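Only one structure is covered here, and it is reproduced in the block below.
The values are calculated or read from the model by the stated rules, or taken from the named source; none is laboratory data. It should be emphasised that the depicted structure is a prediction, and the values quoted were computed from it without experimental measurement. Because the Cβ atoms are built from the backbone with ideal geometry, glycine has one as well, and the counts that use them run over all protein chains shown. Quick note on the areas: whole protein, heavy atoms, side chains included, nothing else; ligands and nucleic acids left out. Shrake-Rupley method; radii C 1.70, N 1.55, O 1.52, S 1.80 Å.
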Amino acid sequence: MIDLTDQPFDPAESLRAFQVQAAGAGAIVSFTGLVRPNNTSSPVTRLYLQAYSPMTERGIEAAAKDASQRWPISHLTITHRIGDMGPGDPIVFVAAASAHRRAAFEAADFLMDYLKTEAIFWKKETGPDHATWIEPRLEDYRDSARWTQKEHP
Amino acid sequence: MAKLIFFGRLADITGQTEQVLDLPANIATTADLRAWLDQGHACDGVLLETSIRLAINNDIVHEPADVDNHDEIAFMPPVGGG
């Protein structure tokens, strides 16, 4: 259900496999993240992602467990690339299944916020004239913070 | 032997991703280790930054923590997510 891989993967195939696993669910929401061909100011030709196993997997497992406790999710799957990628390559695939759509939407959104802000990854962008390790963006922290705000309105 | 791992930009700064070595007898805590490595790799204070967190044997530690010559010690810059 949680897979960190240094090999390219096909999100369509991941979704088909998940649909089989989640048989009986009334709703499946999936999200695919792709490597962007540019950052805010310049083109990106390569993206390199580094994890620290098994710490990275442990963190993702804890977030998945948290999602399952918050929403009535029957199945979850998370695939995340590590290693060297190019523009357009799938980098992350998250799918959640539930009886009704709302829980699946929210669980997938929650997991993506975790993966984009708190997950233990280091990311290096390479372009025609730069190679930069990316630090967290402020809006990523805001995205993640909205889940705690929802709980304590 | 202790195993040191440098993640993210720290690998560029120290010039290596991993280093296996015997810790000198006078390196007993994470603070000792940071100072010793920062000087050894001429990191100009980068390894002393409080935003760099240390993990010992795959668990992030509260510092200063004791280090042992058999530990795997990871230097972790702020994580950027995927």
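Report the paramagnetic label zone for B:L48: residues of the stretch B:18-38 whose backbone N is under 20 Å from a point 7 Å from Cα along the Cα-to-Cβ axis.
B:24, B:26-38
Could you state how much accessible area is buried at the B-A interface, both sides summed, with a 1.4 Å probe, in Å² to the nearest 100?
1700
For the protein assembly as shown, how many pairs of lysine residues have a Cα-Cα distance under 26 Å, where the two are 8 or more positions apart or belong to different chains?
For the protein assembly as shown, qualifying lysine pairs total 7.
Would you please put A:125-131, A:27-33 in order of how densely packed they are, using the mean number of other Cβ atoms within 10 angstrom per residue and starting with the highest?
Descending mean neighbour count gives A:27-33, A:125-131.
Quick one: Cα convex hull volume of the stretch B:4-45, Å³ per residue?
It is 70 Å³ per residue.
What FRET efficiency comes out for A:S53 versus B:A35 if R0 is 30 angstrom and r is the Cβ-Cβ distance? Round to the nearest 0.05.
0.60
Over the stretch B:2-76, consider all pairs of different Cα atoms and compute the Kirkwood hydrodynamic radius from their mean reciprocal separation; express it in Å, one decimal.
Result for the stretch B:2-76, one decimal place: 12.1 Å.
To test your reading of the geometry: what angle, between 0 and 90 degrees and rounded to tens, separates the Cα axis of helix A:55-70 from the longest principal axis of chain A?
Roughly 30 degrees between the two axes.
What figure in square angstrom, to the nearest 10, would you give for the accessible area of B:D66 with a 1.4 Å probe?
120
Using the alpha-carbon centroid of each, what span in Å lies between the stretch A:47-72 and the stretch B:1-77?
The stretch A:47-72 and the stretch B:1-77 have Cα centres spaced 25 Å from each other.
At B:N58 and A:R36, where each label point lies 7 Å from the Cα along Cα→Cβ, what is the point-to-point distance in nanometres?
Here the modelled spin labels are 3.3 nm apart.
Roughly how crowded by other chains is peptide B:68-80, in terms of the mean Cβ count from those chains within 10 Å of each of its Cβ atoms?
Whole-number average of other-chain Cβ neighbours for B:68-80 is 3.
Hey, got the average number of other protein chain Cβ atoms within 10 angstrom for residues in A:46-56?
3
Across peptide A:65-75, how many C-beta atoms of other chains are within 10 Å of each residue C-beta, on average?
0
Taking chain A as the reference, fit the longest principal axis to its C-alpha atoms, fit the long axis of helix A:138-151 to the helix C-alpha atoms, and give the angle between the two in degrees, 0 to 90, nearest 10.
Here the helix axis deviates by roughly 10 degrees.
Angle check, please: helix A:11-21 long axis (alpha carbons) against the longest principal axis of chain A (alpha carbons), in degrees 0 to 90, nearest 10.
Rounded to the nearest ten degrees, it is 20.
When Rg is the radius of gyration of the Cα atoms in chain A and Rh is its Kirkwood radius, what does Rg/Rh come to?
0.98
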